[in-house]
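Derivation of every value follows stated rules applied to the coordinates shown; laboratory data play no part. Remember, predicted model here, so these are calculated numbers, not experimental data. Every residue, glycine as well, gets a Cβ built from its backbone with ideal geometry; the counts of neighbours run over all protein chains shown.
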Amino acid sequence: MIDQSVSDLLARVASVDPTPGGGSVSALAGAQGAALCAMVWRLTGTKSTDPEAEKRLADAAARLDELRSRLLVAFEADAASYEAVMAAFRLPRESDAHKDARREAIEEATKHATAVPLATARDCFEVLEACAAAVTEGYQGAVTDAGVGLQMAHAGLQGALYNVEINLGSLKDADFKESVAADAARLRAAGEATYQRIAAEVRRVLAG
């Protein structure tokens, strides 16, 4: 799906088909944030005359390129994980053995469908932190680009965590739920603190 034109991809999202849905769109938002932040670091590098600084900026941009690629993979993976859950629900349940196998399949598919957006949230958080640094340390002529990247990464993070939370409610494995919920809470709190601080900084810069 990710190789479609932008207009075709958005039409696919808008269709009655539940995939790609919010989890995929969250990954795409994070990927856009990564792309914008990479651009800001590269622009910042063109303003530098320090080879060591140029290398550091190039490395930062390369890491964002990697995150963008990972998040594009997550776009497809999220849709596939949802479809796997739906396939598990369609398994036969004529006998007790069928019912047991179906329950196990649903549990495992839902765990995977929880792990995918959790990984998306982690990557979006890293993009968010990079955008925060780009706002404060990057080329100030591109501060709004870094700011938009921040907004996209924040939306991707929060959206991915929505998908984590809704899937947790369907799971039986208490240890898995506790571990994932703790990770999600940490990411949400840290992401929100960074977002609020840096969004205020963007507004301060724009206000002059």
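Among the candidates 174, 146, 190, the residue that is of a type in the set (A, V, I, L, M) and more than 12 Å from residue 128 (Cα to Cα) is uniquely 174.
Close Cβ contacts (under 7 Å, 6 or more residues apart or on different chains) running from residues in region 3-18 that are β-branched (Val, Ile, Thr) to residues that are surrounded by 10 or more Cβ atoms within 10 Å (Cβ to Cβ) and in a helix (DSSP H, G or I) comprise 13/25. Tallying residues that are under 21 Å from residue 157 (Cβ atoms) and either touching a Pro at 6+ places or on another chain (Cβ under 7 Å) or crowded, with 19+ Cβ neighbours inside 10 Å (or both) within region 1-24 yields 4.
Of all residues in region 155-183, those that are more than 25 Å from residue 30 (Cα to Cα) and touching a residue at least 40 places away in the same chain (Cβ under 8 Å) have Cβ atoms under 6 Å from Cβ atoms of residues that are part of a helix (DSSP H, G or I) and of a type in the set (Lys, Arg), 6 or more apart or on another chain, in 171/177.
For region 17-41, give me the residue count where each residue is under 14 Å from residue 79 (Cα atoms) and of a type in the set (A, V, I, L, M, F, W, C). Talk me through it step by step, then tell me what you get.
Applying the first criterion (under 14 Å from residue 79 (Cα atoms)) to region 17-41 yields 17-28.
If we keep only those that are of a type in the set (A, V, I, L, M, F, W, C) too, we end up with 25, 27-28.
The total comes to 3.
The residues of region 117-144 that are buried (at least 23 other Cβ atoms within 10 Å of the Cβ) and closer than 30 Å to residue 85 by Cα, listed by number, are 117, 120, 121, 123, 124, 125, 127, 128.
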